[in-house]
1. Restricting attention to helices (runs of 4 or more DSSP H) lying wholly within region 1-62, give those where 3 or more residues are of a type in the set (V, I, T) and within 23 Å of V102 (Cβ to Cβ).
2. Would you list the helices (runs of 4 or more DSSP H) that sit entirely within region 365-442 and hold 2 or more residues that are within 25 Å of the chain's Cα centre (by Cα) and under 18 Å from V324 (Cβ atoms)?
3. Six or more apart or on different chains, Cβ under 7 Å: which pairs go from a residue in region 395-412 that's touching a residue at least 60 places away in the same chain (Cβ under 8 Å) and of a type in the set (D, E, K, R) to one that's buried (at least 17 other Cβ atoms within 10 Å of the Cβ) and assigned to a loop (DSSP other than H, G, I, E, B)? Could you list them?
4. Considering every residue within region 63-73, establish whether at least one is among the β-branched types (V, I, T) and at pLDDT below 95.
5. What pairs can you find where one residue is in region 100-112 and of a type in the set (K, R), the other is surrounded by 14 or more Cβ atoms within 10 Å (Cβ to Cβ), and their Cβ atoms are less than 7 Å apart, with a gap of 6+ or different chains?
6. It is to be established whether one or more residues within region 71-82 are of a type outside the set (F, W, Y), under 24 Å from the mean Cα position of the chain (by Cα) and outside any strand (DSSP E or B).
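The values are calculated or read from the model by the stated rules, or taken from the named source; none is laboratory data. All figures in this text were calculated on a predicted structure; none of them were measured in a lab. Cβ placement follows ideal geometry from the backbone for every residue including glycine, while neighbour counts extend to all protein chains displayed.
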Amino acid sequence: MKVSVIGTGHVGLVTAACLADLGHEVVGMDEDLSKVGQLRAGQVPFVEPGLPELVASGTRSGRIRFTHDATEALDSVDVLFICVGTPRREDGRPNLSYVQAVASTVATQARHSIVVAEKSTVPVRTGERIRQALRLATQARDGGHHHQVVSNPEFLREGTAVQDTLRPDRIVVGADSPRAHEVMRALYQPLLDRHDCPYIATDVRTAELIKHASNAFLATKISFINAMARICELAGADVHTVADAMGYDPRIGRAFLNAGLGYGGSCFPKDVEAFIHIAGELGYDLGILRETDRINREAKAWPVQQLRRLMWNLPGKQVAILGVAFKPGIDDVRDAPALDVIDGLRAEGARVRLHDPEALEHVRDRYPDAVFCNSAEEALRGAHAVVVCTEWDEYRKLAPERVAELLEYPVVVDARNIWDPEALQAAGLLVASVGRPLAAVT
């Protein structure tokens, strides 16, 4: 089939490359001429394991190409995926102007009927608005084309996005016509032939809600275990053991029960806020998500609170920050919890020494007065304290004795629980570890 993917960010580029790997003929379109140039040259503009190889393979085979020309992207295409951003507005509502712009482009420039698939995370009933916009514009022009709108939400995790696309745990397709369902099933049949997984065929509204409900539940699970972490600290218990024991119950599961800095990235923070507003507009108060958001903000403030407790005054202190990406294995700093920690420290008058294996270039402009370090040891050397913000494997390998040797003050705030607190204490370090008994200040 001929497929067009509008927007070559994380979701769009992974979708395009994987569909090409399944044998489809794919055009990736983006208005960013620089990004299109990079992709044509075989350069993936962000870190995602396995994606550069997949893009290179698709380019060599001729199954994928990139353009900034809408006419080329719409030429003879069977399915068009909307993969543009839906950033949150100041009040938390999603900004759907980019989605509307794609719909307008299809309505005014398509020369035949197309199945238009929402891949971007959008509020319920967005599909109806897209359908209405397409119908009005096409009728005003010539009335000859009848585009079908479907919802096909993505469930990708950055760092494993290729695997999540080619070996998904489920495929959700919402459509309101048999023809649209038929086209989407044919699109995914090569994947289903390779990998047997549930294929949920439903209506557009239900598919749109599945995406928001999934992300909201996972975010709530993270906030729940972070609330338990606060209780464990007060009670002198160990949240890691609590989470392990909870996870043995198959009704709960261990995934997403890692207490730490809370959730971040391009999806969970935005989607939680958006879902609160969506529910409110429908007349329901999703108070549970407002509490999820509150606990998440509390988790991100925890490291600075611990540094105040352990060091008293922070002005002029140098603090090593290990990790700025919102999770290991990628270079994405969008809504990264580390940024909240850094901002909080700078507001207190502390100076920061930053290290991350992949993401430093994305924060240089934001923190021009920070010290950017080429290694974790360089960041630690002479610092008055260290905060672990991203659980990169290379940080786990640092010996407690070496950490103690490099630091000016023996203060460790392990916001990702990557180190054994007893081993740190044995090396003479004062330790604050999430959800574990906190070091007493004497």
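1. Details: elements: 10-21, 33-40, 51-61.
Counting at least 3 such residues, we get 10-21.
2. Numbers: elements: 376-380, 393-396, 400-406, 421-426.
The qualifying helices (runs of 4 or more DSSP H) are 393-396.
3. Qualifying pairs under 7 Å: E408/A383; E408/H384.
4. Looking only at region 63-73, we keep the residues that are among the β-branched types (V, I, T), and these are 64, 67, 71.
The next check asks that each one be at pLDDT below 95; those that pass are 71.
Checked region 63-73: at least one residue is among the β-branched types (V, I, T) and at pLDDT below 95.
5. none
6. As a first pass, look at region 71-82 and keep what is of a type outside the set (F, W, Y): 71-80, 82.
Then keep just the ones that are under 24 Å from the mean Cα position of the chain (by Cα); that gives 80, 82.
If we keep only those that are outside any strand (DSSP E or B) as well, we get none.
No, every residue in region 71-82 fails to be of a type outside the set (F, W, Y), under 24 Å from the mean Cα position of the chain (by Cα) and outside any strand (DSSP E or B).
Yes/no matrix, rows are residues, columns are (1) on the phi > 0 side of the Ramachandran plot; (2) of a type in the set (G, A, S); (3) not assigned by TED's automatic domain parsing to the domain that holds D164:
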| residue | (1), (2), (3) |
| --- | --- |
| G9 | no, yes, no |
| L19 | no, no, no |
| V26 | no, no, no |
| Q38 | no, no, no |
| P45 | no, no, no |
| G62 | yes, yes, no |
| T86 | no, no, no |
| G92 | yes, yes, no |
| Q100 | no, no, no |
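Condition check ((1) part of a loop (DSSP other than H, G, I, E, B); (2) closer than 30 Å to K119 by Cα) across all residues:
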residue: R205; (1), (2): no, yes
residue: F224; (1), (2): no, yes
residue: R251; (1), (2): yes, yes
residue: R254; (1), (2): yes, yes
residue: N258; (1), (2): yes, yes
residue: Y284; (1), (2): yes, yes
residue: I295; (1), (2): no, yes
residue: E298; (1), (2): no, no
